[in-house]
Amino acid sequence: MDILRNSIIILAVLVSVVSVASSTPIDSTWDLLEAVEYSDGERFLDLMSESIRIQIESSYRQLKELAADDPDIAGTLLRELGMNLTTWDLEWMTTGDFVTRMLDGVYIPSHENVISEEASMNGRNAEVVFTWNSGYSLSIQLTWEDSSWKVTGSPILDQLF
């Protein structure tokens, strides 16, 4: 029984190491493109570095507080952001739900039309550039954090937050 248990533990460790080792900055960028294209707010947040995620959550919390304190100003802000939301919607949404709604307004070409991907790495940091067949390109900055590559910067983030 000990041999079986030890074998299972060794197998689990090997699977963990292989799955971590196969995660590259390019893999994480593909995941980000899919999260944006399919408006998956939870997945988008999972791909963010801790500092970016905290900023997003803090911004959303402040917006919810503004909606509670002054619904008129919050409603105006939502309209200026081009979001089809009411202050009442904010009360019931999670941060992931809110990001999902924000991603609905972001356009990037389909990830299926990417023709090249380049990654440059410097220690625990990386930059990935994807180029589409239309000539459009997108640069994503990442850092190695919590055993995976996490987004620290991108024009997509600048556009949203």
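Structural remarks
- Verdict on Glu127 being touching a Leu at 6+ places or on another chain (Cβ under 9 Å) and under 27 Å from Ser59 (Cβ atoms): yes
- If you go through the stretch 119-155 and keep only what is of a type in the set (Lys, Arg) and without any contact (Cβ under 8 Å) to a residue 40 or more places away in the chain, you end up with just Arg124.
- Filter pass, Asp104 being over 13 Å from Leu32 (Cβ atoms) and within 13 Å of the chain's Cα centre (by Cα): no
- Selection of the stretch 71-129 for residues being under 16 Å from Gln159 (Cβ atoms), touching a strand residue (DSSP E or B) at 6+ places or on another chain (Cβ under 9 Å) and of a type in the set (A, V, I, L, M) yields only Ile108.
- Residue that is farthest from Ser147 (Cα to Cα), among those in the stretch 45-95 that are aliphatic (A, V, I, L, M) and within 18 Å of the chain's Cα centre (by Cα): Met93
- Selection from the stretch 21-48 of residues that are part of a loop (DSSP other than H, G, I, E, B), in contact with a Leu (Cβ under 8 Å, 6 or more places away or on another chain) and not acidic (Asp, Glu): Ser39, Leu47
- Scanning the stretch 67-86 for residues that are crowded, with 17+ Cβ neighbours inside 10 Å and over 13 Å from Phe98 (Cβ atoms) turns up just one, Gly75.
The numbers here are math on the coordinates, done by the rules we state, and not lab data. Since the model is a prediction, treat every value here as computed from it, not as a measurement. Ideal geometry is used to build each Cβ from the backbone, glycine not excepted, and the neighbour counts take in all protein chains shown.
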